[in-house]
Amino acid sequence: MDKQIAGLIIRPQNRAEDLEAILAINAQAFGKGRGTPAFQALRSSADDIVSLVAERQGEVIGHVFFSPVTLESEPPLGGMGLGELAVAPDWQRQGVGKALTEAGIHALRAAHCPFVIVIGVPAYYPRLGFQVGGEYGLKCQWEVPPESFMVRILDPIALGDRTGVARYRDV
Ligand SMILES: CC(C)(COP(=O)(O)OP(=O)(O)OC[C@H]1O[C@@H](n2cnc3c(N)ncnc32)[C@H](O)[C@@H]1OP(=O)(O)O)[C@@H](O)C(=O)NCCC(=O)NCCS
């Protein structure tokens with residue numbers, strides 16, 4: 001059975017104070033100055049991103065961020081890229097990362113997003129339904145270990161037999 005923290009709320013990042021809490025969690029989870037700047041720029045440049053926070057008793061304890069990507073296939077296809085995902089150290093391994101990711105994917109499905117990519121820990125994301133992108137002919141725009149580039153296909157019909165590089169929006 002899934003672990004669940006009592007009183008956990010997943011909601012959009014929509015309060016002025018959320019950003020500071022997110023940056024603090026990133027610094028704790030990834031180490032100061034790592035993982036943040038590119039997403040920070042995307043966050044401020046895009047209105048089609050999905051940014052959620054996990055809150056417990058008024059405290060933000062985790063967040064997930066999805067931004068648009070383009071599969072450079074023929075014809076191209078838009079999808080989303082997950083990243084970053086971070087949970088405050090005291091609250092890790094209690095289902096918060098999973099709850100955030102599932103809530104985000106639920107919103108993306110409702111918006112008819114056909115696929116979600118992630119560059120991340122191969123030991124973690126497969127438990128959230130992600131599979132190695134190369135197995136579907138999808139490539140990362142950067143040179144990363146093949147098993148770190150993963151995809152979760154939400155609409156196989158829309159994806160069809162497309163293959164190619166999945167590229168994040170430039171910042
Ligand atoms: C990775 C992270 C987002 C997962 O969120 P979480 O709320 O801790 O994870 P969940 O509770 O949903 O899932 C927990 C399970 O995932 C696995 N897991 C969690 N983090 C993992 C990691 N870094 N590597 C491998 N497995 C991991 C564990 O098996 C764990 O289950 P267990 O405690 O029964 O062994 C969180 O631990 C985190 O912020 N870590 C630091 C930053 C980071 O590595 N971000 C992701 C980079 S792509």
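The one condition from (1) modelled with pLDDT under 95; (2) within 16 Å of the ligand (Cβ to nearest atom) that ASN14 does not meet is (2). Looking at this structure, is GLU143 assigned to a loop (DSSP other than H, G, I, E, B) and touching a residue at least 60 places away in the same chain (Cβ under 8 Å)? No, not satisfied.
The set of residues in the range 116-140 that are of a type outside the set (Gly, Ala, Ser), under 22 Å from PHE65 (Cβ atoms) and surrounded by fewer than 15 Cβ atoms within 10 Å (Cβ to Cβ) comprises VAL121, PRO122, PRO126, ARG127, GLN131. Just a yes or no: is a residue in the range 161-169 under 17 Å from the mean Cα position of the chain (by Cα) and modelled with pLDDT of 95 or more? Within the range 161-169, one or more residues are under 17 Å from the mean Cα position of the chain (by Cα) and modelled with pLDDT of 95 or more.
Filtering the range 81-115 down to residues that are within 15 Å of the ligand (Cβ to nearest atom) and assigned to a strand (DSSP E or B), which residue is surrounded by the most Cβ atoms within 10 Å (Cβ to Cβ)? Result: LEU82.
Look at GLY164 and say whether it is at positive phi and either surrounded by 21 or more Cβ atoms within 10 Å (Cβ to Cβ) or in contact (Cβ under 8 Å) with a residue 24 or more places away in the chain (or both). Yes: the conditions hold for GLY164. Somewhere in the range 60-74, is a residue more than 18 Å from ALA103 (Cα to Cα), outside any strand (DSSP E or B) and at pLDDT 95 or above? Checking the range 60-74: at least one residue is more than 18 Å from ALA103 (Cα to Cα), outside any strand (DSSP E or B) and at pLDDT 95 or above. Within the range 116-138, if we keep just the residues that are in contact (Cβ under 8 Å) with a residue 24 or more places away in the chain and in contact with a helix residue (DSSP H, G or I) (Cβ under 7 Å, 6 or more places away or on another chain), the residue that is nearest to the ligand (Cβ to nearest atom) turns out to be GLY120. Just to be sure before I move on: is GLY58 away from the ligand (no atom under 16 Å from the Cβ), over 10 Å from the mean Cα position of the chain (by Cα), within 23 Å of PRO146 (Cα to Cα) and without any contact (Cβ under 8 Å) to a residue 60 or more places away in the chain in the structure I sent? Considered against the rule, which asks whether it is away from the ligand (no atom under 16 Å from the Cβ), over 10 Å from the mean Cα position of the chain (by Cα), within 23 Å of PRO146 (Cα to Cα) and without any contact (Cβ under 8 Å) to a residue 60 or more places away in the chain, GLY58 comes out as no.
The values are calculated or read from the model by the stated rules, or taken from the named source; none is laboratory data. These numbers were taken from a predicted model, which means no experiment stands behind them. Every residue, glycine among them, receives a Cβ derived from its backbone with ideal geometry; neighbour counts consider all protein chains shown.
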